[in-house]
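**Q** Here it is, the structure, as structure tokens.
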Amino acid sequence: MALLEVRNLGIAFGGLQAVSQLDMTIEKGHLYGLIGPNGAGKTTAFNMLTGMYAPTEGNIILDGVDITGKSPEFISKHGVARTFQNIRLFNGLSVLDNVKLGLHNQMKYAMWDGIFRTPKYWSKEAEMNHQAMKLLKIFDLDEEADLLASSLPYGKQRKLEIARALATNPKLLLLDEPAAGMNPQETDELMKTVRFVRDEFGIAILLIEHDMNFVMGICEEITVLDHGQCIARGTGKEVRNNPKVVAAYLGGD
Amino acid sequence: MKKLKVFSRWGKLDKGFREKAVNYAIVLVAYLAIQLLAATGNLKNSVSGQLVPICTYVIMAVSLNLVVGFLGELSLGHAGFMSLGAFSGTLFWVLNCETMPKPVALVAAFLIGGVVAGIFGFIIGIPVLRLRGDYLAIVTLAFGEIIKTVINAIYLGVDSNGFHISLKDAMSMGMEADGTVLINGAIGITGVTKASTFTIGVVMVLITLFVVMNLVDSRAGRAIKSIRDNRIAAESIGIPITKYKMMAFITSAVLAGMAGVLYSLNYSTLVAKKFDYNTSILVLVFVVLGGMGNIRGSIIAATILTVLPELLRSVADYRMLVYAILLIAMMIFNQSPKAIAWRAVVAEKIKSRMPGKKNLKQGKEG
């Protein structure tokens, strides 16, 4: 059975049909791309998958659980994590705390344990620190663990956001334009990191990206959206040669 | 060389722990200094009368900082919780201070004040925490006023048949001749046996610091701060927003309730009018001036700004004018880059004169 099944998904904001009849199947351990011109509905699709928006039609089944229109909290607990197009970190907190927040639902102790500093507090905090540092090391951020998240350079902030998402122990990771604003070297490095994450954690990754080299380079299957509808699907080569896709990007009839 | 050893350990300690230790130390040193002044007879009456209110406002400021500074929601009804705590705790004290052992009754009064304020914090929190920003501020302001107005209109008495309550006047409670009026509407509770002392106040301040500082620096505290920094991101990683908003709001209400008990047991009469909009704003001023999310700032701002109006009594006519100018001056200079740089230079100078300097640096590197 597929990890994620999206059937006939659609959402309308009043009279505006932002996404309609979107179908998608995501298998464990694979890399998927979602592309399309600006305003095609890519981020809207992400927002429905993560519970930020409630779809007005269709179903989303994650690993046998219907997560259609559930709260972001519920969906996160069931294994979908995401990053954002405009980076959303906890800027007032340290890099380490950002990742530890991702571990929030993995390692628990009660409010009272925290206030009275019980043995449980010390052991769980130590475990959290250990786990978080392990993740930070993967992303080469362990040196900056005590810095404020806002003080990191742009590229590292992007990485930290991925590290935080991974800390929630997801089955599916959604990356919204991870290479946006990066130079070619940084993009190359990010490509390696994304592949590494897929191999190391064995999770499925779905990403939105405008950098075609990036998408064609790592995605095994690409879905193309235009005006909220899926116009093509296939490998990079198939999609590139699809006349509908060319028309959507370059104009034509 | 014992001293050196202590300093080197100090440098190696976790930064968060050091911050906390300094906060506790500030309170304890201030307490001992005041006790010393009192013992040598150097304490002015005008100052000694302010000691319990200072403790009260420190608790109020630190607890409000949990909601405003760490959760990031503007609450303008903090005095309402103080009022609920003050009236419930004082009522218990008035009824039981004769019959129960004094320390037991006092502790119970504090607990009841805290619990009652906490319960109302929960009830009010249900609708209020669905709102954000300005709307939340407006609704908390309204709740503060509602609490004040309702308590201002309550008449409560007790006689051989039990409790009587009325919202009209003392007569309409229909009590027997042996009855006593407990809450007399706008006149409030009178004839309270004073019980608050500076020592009790400092103990309450320390308890408040312990609860708030440890809470903020734990799993729950991180979640609370994450909501402030980025609510959408917090949701996306599975933080239950409502639960942690409620946790911060209720904890803050409980502490404000206890502060209310501390405050009211310092006087022989208790009126609802004291806990109005102005008091809420006053506490908010402490928090904003001390710095959002800065607990030490709250302690210092609450202390200075409570003492200040008393010290300005000699220029009575211009008191509020001077107070306002000082507020503006503090706002400008407290957080200005130059002032911050100057403080850093001073801190560096003090450090360089400390005997454990070398060890300190080694500790940091190691």
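**Q** Would you work out the Kirkwood radius for the range B:51-275? I mean one over the mean of 1/r across all pairs of different Cα atoms, in Å.
**A** Numbers: mean 1/r = 0.0552 Å⁻¹.
Taking every pair of different Cα atoms in the range B:51-275, averaging 1/r and inverting gives 18.1 Å.
**Q** To the nearest 10 degrees, how steep is helix B:295-311 against the longest Cα principal axis of chain B, on a 0 to 90 scale?
**A** It is inclined by approximately 60 degrees.
**Q** Could you list B:D276, B:D14 in order of exposure, starting from the residue whose Cβ has the fewest other Cβ atoms within 10 Å?
**A** B:D14, B:D276
**Q** Another question, then. Would you list B:R132, B:R296 from fewest to most Cβ contacts within 10 Å?
**A** Going from sparsest to densest Cβ surroundings: B:R132, B:R296.
**Q** OK, next. Mind telling me which of A:F84, A:F116, A:F196 comes out most flexible in a GNM of chain A, alpha-carbon contacts under 10 Å?
**A** Greatest mean-square fluctuation among the candidates belongs to A:F116.
**Q** Can you put A:D97, A:D63, A:D140, B:D178 in order of Cβ neighbours within 10 angstrom, beginning with the fewest?
**A** Going from sparsest to densest Cβ surroundings: B:D178, A:D140, A:D63, A:D97.
**Q** Also, I was wondering about something else. Kindly provide the helix-only [θ] at 222 nm of chain B, computed as the sum of -39,500 (n - 2.57) over DSSP H runs of four or more divided by all residues, to the nearest 500 deg cm²/dmol?
**A** Calculated mean residue ellipticity at 222 nm is -23000 deg cm²/dmol.
**Q** So what's the angle, to the nearest 10 degrees on a 0 to 90 scale, between helix A:184-201 and the longest Cα principal axis of chain A?
**A** 70
**Q** In terms of the Cα gyration tensor, with a ≥ b ≥ c the square roots of its eigenvalues, is the range B:1-142 rounded because a/c is under 1.5, prolate because a/b exceeds b/c, or oblate? Mind showing how you got there, number by number?
**A** Values: a/c = 2.14, a/b = 1.25, b/c = 1.71.
The shape class here is oblate.
**Q** What residue among A:D188, A:D226, A:D176 has the largest mean-square fluctuation in a Gaussian network model of chain A, using Cα springs under 10 Å?
**A** Greatest mean-square fluctuation among the candidates belongs to A:D188.
**Q** Counting only pairs 8 or more places apart or on different chains, how many lysine pairs in the range A:91-169 have C-alpha atoms closer than 19 Å?
**A** Lysine pairs meeting the criterion: 15.
**Q** How many angstrom lie between the Cα centre of the range B:186-208 and the Cα centre of the range A:36-73?
**A** The range B:186-208 and the range A:36-73 have Cα centres separated by 55 Å.
**Q** Of B:Y323, B:T149, B:N266, which is farthest along the charge dipole of chain B in the positive direction, counting Lys and Arg as +1 and Asp and Glu as -1 at C-beta?
**A** B:Y323
**Q** For the range A:143-191, just say rounded, prolate or oblate: build the C-alpha gyration tensor, square-root its eigenvalues into a ≥ b ≥ c, call rounded for a/c under 1.5, and beyond that prolate if a/b exceeds b/c, oblate if not.
**A** Working: a/c = 2.10, a/b = 1.03, b/c = 2.04.
Oblate shape, in that a/c is at least 1.5 and b/c is the bigger or equal ratio.
**Q** Let me ask another. Let me check I have the definition right: for the protein assembly as shown, take the eigenvalues of the Cα gyration tensor, multiply each by 5, take square roots. What are those semi-axes in whole Å, largest first?
**A** They are 54, 32, 21 Å, listed largest first.
**Q** With springs connecting C-alpha atoms under 10 Å apart, model chain A as a Gaussian network and identify which of A:M212, A:M52, A:M133 has the largest mean-square fluctuation.
**A** Comparing A:M212, A:M52, A:M133 in a Gaussian network model of chain A, the most mobile one is A:M212.
**Q** Please label the shape of the range A:1-90 as rounded, prolate or oblate, based on the square roots a ≥ b ≥ c of the eigenvalues of the alpha-carbon gyration tensor (a/c under 1.5 means rounded; beyond that, a/b larger than b/c means prolate, else oblate).
**A** The shape class here is rounded.
**Q** Between the helical axis of B:319-334 and the dominant principal axis of chain B, each derived from Cα atoms, what acute angle in degrees is found, rounded to the nearest 10?
**A** For B:319-334 against chain B, the angle is about 40 degrees.
**Q** Suppose only helical runs count, i.e. DSSP H with n ≥ 4. What mean residue ellipticity at 222 nm does that imply for chain A under -39500 (n - 2.57) per run, divided by all residues and rounded to the nearest 500 deg cm²/dmol?
**A** -11500 deg cm²/dmol
Readers should treat all values here as calculations from the given coordinates under stated rules, not as data from a laboratory. This one's a predicted model, so the numbers in the text were calculated from it and none came from an experiment. Neighbour counts are summed over all protein chains in view; Cβ atoms, including those assigned to glycine, are modelled from backbone coordinates with ideal geometry.
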